[in-house]
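Heads up: the structure comes next, in structure tokens.
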Amino acid sequence: MYYVKYFLIASILGFISESILYGESGILYGPYTPVYGIGSVIILLISEHILKKRNIKPFFKFLIIFVACTLLLTLTELVGGLLIENVFGYSFWDYTDKKYNIGKYICLEMALLWGISSLVFVCVLRPVIDVVIKKIPNFLIYIVLVIFVIDVVFTFLVN
């Protein structure tokens, strides 16, 4: 349930932040942007694996987390962009105007932002979110998860 909670919370927070910054967010009807949920779980898995290593100095642990998260989250953004375009016929972002873009869906600026955001998430946000997550009852997460799944199915059936 821990990872499901993170997925749902990050999906909702991603929706809120993109709605505030860009005025729109995501392909689903409900208040979630799943790519943020996927990204948060990726960051969790990488950081948990790396931080457990005892034979690596802390600086190198964070460097590995930065590089691994930068690469995997950029790949997630690429795959997400391609899937949305191929399944729904439109794209939510386009980095072709960025100086260091690699096609439409990835660019160096965003890749670096994902890496930095991962470190902020691991070092600052995760301890706070963990406290909140422990207080959320599982039955509430089950309800939100069922609503999320219905939304995903409905989105795919309608589009």
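Mind putting a number on the dipole of the chain about its Cα centre? Charges go on the C-beta only, +1 for Lys and Arg and -1 for Asp and Glu, and I need it in Debye to the nearest 20. The partial results should precede the final answer.
Values: 12 positive and 10 negative charges, 187 e Å.
Roughly 900 debye, rounded to the nearest 20.
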How long is the gain from Phe59 to Leu82 if the chain were fully straight, where each residue apart is worth 0.36 nm and the alpha carbon distance is subtracted?
-> 4.8 nm
Using only the Cα atoms of the chain, build the gyration tensor, take square roots of its eigenvalues as a ≥ b ≥ c, and label the shape rounded, prolate or oblate: rounded if a/c is under 1.5, else prolate if a/b is larger than b/c, else oblate.
-> oblate
Among the lysines, which have Cα under 29 Å from the Cα of Lys134 when same-chain residues fewer than 8 positions away are ignored?
-> Lys5, Lys52, Lys53, Lys61
Once Val146 and Val41 are pulled to full extension, the length gained, defined as 0.36 nm per residue separation minus their Cα-Cα distance, is 35.9 nm
Sequence-distant residues sharing a close amide H with Cys107 (under 5 Å, placed H) | Ile102
Cα gyration tensor category, rounded, prolate or oblate, for region 76-140 with a/c compared to 1.5 = oblate
How much length is gained on full extension from Val67 to Lys98, taking 0.36 nm per residue of separation minus their Cα-Cα distance?
-> 9.1 nm
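No value in this document is a laboratory result; all are computed from the given coordinates. Remember, predicted model here, so these are calculated numbers, not experimental data. Every residue, glycine as well, gets a Cβ built from its backbone with ideal geometry; the counts of neighbours run over all protein chains shown.
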